[in-house]
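First comes the structure, then the notes that go with it.
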Amino acid sequence: MNPVPVDQQQPLVEKLYAACGGAYTPEQRRKFFITGPQWAGAYEGNALFHAPTRRPVGFEEIIARYAEIGINYWCTHDSDVIPATVLGKQEQWDIVGQIGEALRKNAMECSMVTTETFFHPVFATSPASESPSIREYAKFRVTNTVAIGHELGASYAVYWPGSLGYYTPGAVEETETLKWYADGLNAACKADLEIAAKKGRPTLKHCMEAKPFEPQGEILLPTSDAMLGFINSGLLEHPEMVGLNPEYLHELMWGGSVRAALARALVNGKLWHFDINDGYRLKHDVDIAVGLVNPLDWLNVLVLLRSHDFHGPFNLDYKPPRTTSTHGVFHVSFPSAIDRFITLWEMAGEVLEDSVIKSATDALKAGGLVTSTDPQDGYAIFEANKELLTLHELIAHRLVQILLGLHKGRVFLL
Ligand code: GLT
Ligand code: MN
Ligand code: MN
């Protein structure tokens, strides 16, 4: 093949994307509570060792592109859209007004707001620094975000504590730091109660998000489980207002089972928001788009969520790879991510309806017939159940068949 001239590259990508076949329509996509973050669309491909590969994209363009794709909801950090120097000032409210207009124009809603407490140099010692002035500033930032959220009609606030930790051991006292972090969340909840009452709106759902490593050397609340412990620690004045926003990759990063982490959030009644993406165990926060690395695990995750009636918000917190162009971000990356998610969601429905899996699960729950009269005879009980337990592997086989579409007629021919 000859080198492809620049002006023929987008058409080629479009042609091959269309050749992949089957895309959901924007109307079909809009049936899901899928949210598009400002920072995902605006990500320029930069990192510690990476120069940007894409041009800056503002909120007007991102909101318009998301709307075309069929994403109903938009979310943002405070400082994604408002320069840190004007936060809390009249200029902020002018920008919030422009955002509101862009959302209305595109029939979009703001679902969630989050405070950046990790990038600004003031947060080098975390939002729960030993310095009272830094902690007061952090309180200003989170309460200001709550006010912005109410103004934009959001229902959720997310907190990724970012640099809540340390580089050098012994530099911070952990119990004190956690208490100070709780003070920040308490201030946010208090402000929320006041603003919600004044505006006649429900309070926001405040969702904590854990990440096991990055950006600090050691993180004080590294997992969703650590955060559940924190929510129930007695440090929060309104634990009922605070839940979780687990991220798929962040649970994988520490080597855990994402599905088990979500199950623990569910039994605690704290699975309120979910960041959907993909990546690799025990590695960096690469934020690859949903289903590109671990589709079978994703299918299993969605089976759990569907069977527990969790219908979102599903937040597309991923970074389009820096090899994808700005055109590619909105014409391939986002639509394909959403369509993989919906496909996996539909497959999860098929898993829940599948007669093989149903019969196998029923049989496993019925257990084997024990004929021994001694209920303490472990060997007899083992013998009575042992043939049935092969069904575990059979269920896994069936899940892979559903993932590969084998249950719909693809056959192996000799
Ligand atoms: C940051 C983090 C994400 C979080 C964002 C929410 S901040 O981009 O890496 O996982 O969801 O504040
Ligand atoms: Mn996230
Ligand atoms: Mn991440």
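Please treat every number below as a calculation from the coordinates, not as lab data. In this text, all values refer to a predicted model and were calculated from it rather than measured experimentally. Positions of Cβ are generated from backbone atoms using ideal geometry, with glycine treated the same way; all protein chains shown enter the neighbour counts.
A few remarks follow.
- For residue 332, the shell of other residues with beta-carbons less than 11 Å away shows a net charge of -2, using +1 for Lys and Arg and -1 for Asp and Glu.
- Net charge of Cβ neighbours under 13 Å - reference residue 246; Lys, Arg +1; Asp, Glu -1: -2
- Table column - 3J(HN,Hα) (Hz), segment 81-91, Karplus curve with 6.51, -1.76, 1.60, x for Gly and Pro: 10, 10, x, 3, 5, 10, 4, x, 9, 4, 4
- Net charge of the neighbourhood of residue 218, taken over other residues with C-beta under 14 Å away and scored Lys/Arg +1, Asp/Glu -1, is -2.
- Pairs from 31/358; 31/199; 211/319 whose Cα-Cα separation, in the structure shown, is over 22 Å: 31/358; 31/199
- Ignoring the sites themselves, the chain has its longest run without trypsin sites (Lys or Arg not before Pro) in a DSSP loop having at most 16 other Cβ atoms within 10 Å at 90-280.
- Reducing segment 90-169 and segment 1-34 to their Cα centroids gives an inter-centroid distance of 34 Å.
- Summary value for segment 7-110: 28 percent relative contact order, contacts being C-alpha pairs under 8 angstrom separated by 6+ residues.
- Seen through its C-alpha gyration tensor, with square-root eigenvalues sorted a ≥ b ≥ c, segment 314-414 comes out prolate because a/c lies at 1.5 or above while a/b is bigger than b/c.
- In segment 1-87, chymotrypsin sites (Phe, Trp or Tyr not before Pro) in a DSSP loop with at most 11 other beta-carbon atoms within 10 Å: 49
- Computed from backbone phi, the HN-Hα couplings of segment 260-272 come to 5, 5, 5, 4, 5, 5, 4, 5, 8, x, 10, 7, 10 Hz, rounded to whole numbers (Karplus: 6.51 cos²θ - 1.76 cosθ + 1.60, θ = phi - 60°; Gly and Pro given as x).
- Restriction of the chymotrypsin sites (Phe, Trp or Tyr not before Pro) in segment 319-414 to DSSP coil positions whose beta-carbon has at most 14 other beta-carbons within 10 angstrom yields 412.
- One decimal place: the segment residue 218-residue 93 gains 41.4 nm when fully extended, by the rule 0.36 nm per residue minus the C-alpha distance.
- Whether segment 131-289 is rounded, prolate or oblate, judged on the alpha carbon gyration tensor where a/c under 1.5 counts as rounded: oblate
- A cut-off of 5 Å between modelled amide H atoms, ignoring neighbours fewer than 5 places along the same chain, links residue 315 with 35, 274, 275, 276.
- Evaluated on the chain, the Kirkwood hydrodynamic radius is 23.4 Å, with distances taken between all distinct Cα atoms.
- Placing a pseudo-label 7 Å from each Cα along the Cα-to-Cβ vector at residue 408 and residue 369 gives an inter-label distance of 4.0 nm.
- Difference of contour (0.36 nm per residue) and Cα-Cα distance, residue 68 to residue 343: 97.0 nm
- On full extension, the segment bounded by residue 122 and residue 263 gains 47.2 nm, given 0.36 nm per residue less the C-alpha separation.
- For segment 69-136: relative contact order, % (alpha-carbon pairs under 8 angstrom, 6 or more apart): 37
- Chymotrypsin sites (Phe, Trp or Tyr not before Pro) within segment 220-294: DSSP coil, no more than 13 neighbouring Cβ in 10 Å: 280
- For the pair residue 6 and residue 130, a Förster radius of 41 Å applied to the C-beta separation gives a FRET efficiency near 0.15, rounded to the nearest 0.05.
- Kirkwood-type hydrodynamic radius, segment 239-315: 12.5 Å, calculated from all non-identical alpha-carbon pairs.
- Overall Cα dimensions of segment 132-190 - principal axes, largest extent first, Å: 42, 19, 15
- Under 12 Å from the Cα of residue 205 - aspartates and glutamates, other chains or at least 8 residues apart: 192, 240
- Computed about its Cα centre, the charge dipole of the chain is approximately 780 debye, with only Lys, Arg, Asp and Glu carrying charge at their Cβ.
- For residue 198, the lysines whose Cα comes closer than 16 Å to its Cα, not counting residues fewer than 8 places off in the same chain, are 190.
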